[in-house]
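The structure under discussion appears below in the form of structure tokens.
The values are calculated or read from the model by the stated rules, or taken from the named source; none is laboratory data. Keep in mind that this is a model prediction, so the values were computed, not measured. We place every Cβ from the backbone using ideal geometry, glycine too, and count neighbours over all the protein chains shown.
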Amino acid sequence: MARIWLINQYSTTPATGMGGRHHYLARELVKCGHEVTLIAASWHHLLREPNGCLAFPQAELVDGYKFYRVKMPAYSGAHSKARIRNWFMFAYKIRHLDRQLSGKPDVILYSSLSLIGYLGAERLAKRLGVRLVFEVRDIWPLTAIDGLGVSPKHPFIRLLQWVEDRAYRESDAIVSNLEGAIEHMVRRGADRSKYTWVSNGISLDEAENPEPISADIARKIPRTGLRIAYVGTLGHMNEMDTLIDALAEVKGACAVIVGDGPARSRLEQKVSDLELSNVVFTGAIPKRQVHSLMQQCDACWIGWKTSELYEFGISANKLFDYFFSGRPVLNSYTGKYDPVQRYNAGITVPAEDHKALAEAIRTLRDMALEKRVRMGANGKNAAREVYDYAKLALKLEKVLLPPAKRDSTSGFP
């Protein structure tokens, strides 16, 4: 048995948010026989009910692992300057986590964003003399430079760049959910031999035992035509306009849009202005009902912006839920490392190209059912064989505890 600390400032439990990557990896590592603590901020904007966070215990047992909350002040939202203040506070507070958590860890994984917290994790690991793994889920500051247009000469960007380069240099190992991230990392001085790709994935036990959707939601799903599901956030990064504009040009197909977000009211108004009857908004539904809903549809769609960032790949959780649904995936994506193409699990068209998407929808609509079923089966097989969090946790375990470390860890076979 090894004692593992996973640090992600924005982690949640299924009761307080989406749960997500580190919840599932922590749960699976516990099943491997390890003692796992997942450390997060007590307050952040990804909590389902942030105003109720004072009622959350500072430490609790969740699916066999310990979830520990570092006390942090509130801020107004994702784009608040106070959010950046919290990056520095979190980094400062995690330097002495061993004073709050009993026992010395065998390994610490620090997951960015934010980069600033890495400095606290590095100091903690060096003081305790333990292995430090740096995980990159969103490449910063490159995302701010290429995605948001911030100058690389901005003083804060320079600071983030210094932290990123230091993390590649000083950490014992590097992990990313983006398959091609190593190409960027090497350009920043990383040692290629340190790198391991550990994708996002899917919890098969949840997917195989979904809750039924409510009667109200079921009534909203059209009974005819090619029914295309979208499940996720309705925000500016999700390119929902591409799907709506495509469906304005296609007959015999419709979209069931499941989720909520800052763009929902604008998108609903757009559908109304275009007088479209083939786009339905259901609002958000519980995560455990998502797979039941997708079974009522014929295909799934995911959209991306056009960005050089995607030369390093994609790893959206919803994509692997789509795969497991057994439905072909329509992927509006321009970039490398495309799982839809790799596994022949659907049709990929250029990002932000609604005409290309419209043609793909027509192709899928007119395709023989047998071929559609085969595409869906390809995706489902990939979900089981490649993207199952139980398998991904075994891959991460080898990074956290390489053979030499396993042999020296008390009680570990």
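The listed residues are TYR75, TYR118, TYR110, TYR65, and the only one of them that is buried (at least 17 other Cβ atoms within 10 Å of the Cβ) and farther than 30 Å from LYS305 by Cβ turns out to be TYR65. Among the residues of the stretch 211-241, just one is more than 24 Å from PHE324 (Cβ to Cβ) and surrounded by 14 or more Cβ atoms within 10 Å (Cβ to Cβ), namely ASP241. Given the structure, is ALA74 within 23 Å of ASN177 (Cα to Cα) and among the small types (Gly, Ala, Ser)? In short, no. Here no strands (runs of 3 or more DSSP E) wholly within the stretch 213-321 include at least 3 residues being in the same structural domain as THR348 (by TED's automatic domain parsing) and at pLDDT below 95. Taken together, LEU394, LEU309 contain a single residue that is surrounded by 17 or more Cβ atoms within 10 Å (Cβ to Cβ) and over 29 Å from GLY252 (Cβ atoms), which is LEU309.
Filter the stretch 191-212 down to the residues that are more than 17 Å from the chain's Cα centre (by Cα) and closer than 23 Å to ILE257 by Cα and list them by number. The answer is GLU208, ASN209, PRO210, GLU211, PRO212. Has the stretch 213-231 got any residue that is under 19 Å from the mean Cα position of the chain (by Cα), under 27 Å from ARG288 (Cα atoms) and of a type outside the set (Gly, Ala, Ser)? Yes. When you look at ASN381, is it surrounded by fewer than 20 Cβ atoms within 10 Å (Cβ to Cβ) and in a loop (DSSP other than H, G, I, E, B), yes or no? When the stated conditions are applied, ASN381 does not pass them. Within the stretch 242-264, one or more residues are surrounded by fewer than 16 Cβ atoms within 10 Å (Cβ to Cβ), over 25 Å from LYS380 (Cβ atoms), over 27 Å from the mean Cα position of the chain (by Cα) and of a type outside the set (Gly, Ala, Ser).
Selection over the stretch 351-369 of residues that are assigned to a loop (DSSP other than H, G, I, E, B) and either within 21 Å of ARG227 (Cβ to Cβ) or under 22 Å from the mean Cα position of the chain (by Cα) (or both) gives a count of 4. Evaluated against (1) surrounded by 23 or more Cβ atoms within 10 Å (Cβ to Cβ); (2) over 19 Å from VAL36 (Cα atoms), LYS126 falls short on exactly one condition, (1).
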